[in-house]
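The values are calculated or read from the model by the stated rules, or taken from the named source; none is laboratory data. As the structure is a prediction and not an experimental result, all values here were calculated from the model. Cβ placement follows ideal geometry from the backbone for every residue including glycine, while neighbour counts extend to all protein chains displayed.
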Amino acid sequence: MKFMLMMNGGADSYDEYLGWPKDVRDANVAFMQALGARLRASGELVTAAGLAAPARARRVRMGADGTPQTDGIFPESKEFLAGFWIVDVPSVERAYAIAAEASTAPGVGPKPLEIEVREVLGSHQGL
């Protein structure tokens, strides 16, 4: 079964991250790289990526003239997707275990990250 594990943050999360002490940022990056390496080695990682800051995001729809129309990011959005993993695991419990481990990434403050876990539809049927 495939699951998407999503790391969300507020609009100011990117600036906050850049303001972390260098040793904390380095520890965070090392943790994420090690987690990715372990998941790749176990064959569970399909893909993973961090995303650009929300200020660089655009919402796109088809315009009346048939061309893509873009709108800038909407500041009233409270949370943005900051990064994700797609894993292929035998059970939702394993996806939860990976998400729980990811939530312990080093950072500033005592609160662990919250990782949203969602099944990729049709993944258990080979679609």
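Which condition does A97 not pass, out of (1) small (G, A, S); (2) closer than 27 Å to E119 by Cα; (3) loosely packed, with under 12 Cβ neighbours inside 10 Å, if it passes all the others?
(3)
Looking for something surrounded by 15 or more Cβ atoms within 10 Å (Cβ to Cβ) and of a type outside the set (A, V, I, L, M, F, W, C) - is there at least one such residue anywhere in region 4-12?
Yes: one or more hits.
Against the conditions (1) surrounded by 10 or more Cβ atoms within 10 Å (Cβ to Cβ); (2) within 18 Å of the chain's Cα centre (by Cα); (3) without any contact (Cβ under 8 Å) to a residue 12 or more places away in the chain, where does A55 fall short? Just the number, please.
The number of the failed condition is (3).
Residue pairs, Cβ under 7 Å, 6 or more apart or interchain, first in region 2-26 and on the phi > 0 side of the Ramachandran plot, second of a type outside the set (S, T, Y) and not in a helix (DSSP H, G or I). List them.
none
Taking the stated definitions as given, is S91 hydroxyl-bearing (S, T, Y), out of contact with any strand residue (DSSP E or B) (no Cβ under 6 Å at 6 or more places or on another chain) and either surrounded by 12 or more Cβ atoms within 10 Å (Cβ to Cβ) or in contact (Cβ under 8 Å) with a residue 12 or more places away in the chain (or both)?
Taking the combined requirement at face value, the residue satisfies it.
Just need a number here: residues in region 93-115 that are among the aliphatic types (A, V, I, L, M) and under 16 Å from A30 (Cβ atoms).
4
Residues that are among the hydrophobic types (A, V, I, L, M, F, W, C) and at pLDDT 95 or above, at least 3 per element: which strands (runs of 3 or more DSSP E) completely within region 29-117 meet that?
Where strands (runs of 3 or more DSSP E) fall fully within region 29-117 and carry at least 3 residues being among the hydrophobic types (A, V, I, L, M, F, W, C) and at pLDDT 95 or above, they are 45-50, 80-88.
Residues of region 1-38 being more than 14 Å from G83 (Cβ to Cβ) and among the aliphatic types (A, V, I, L, M), which ones?
Listed by number, the residues that qualify are M1, A11, L18, V24, A27, A30, A34, A37.
Residues of region 1-28 being assigned to a strand (DSSP E or B) and at pLDDT below 95, which ones?
Correct list: M7, N8, G9.
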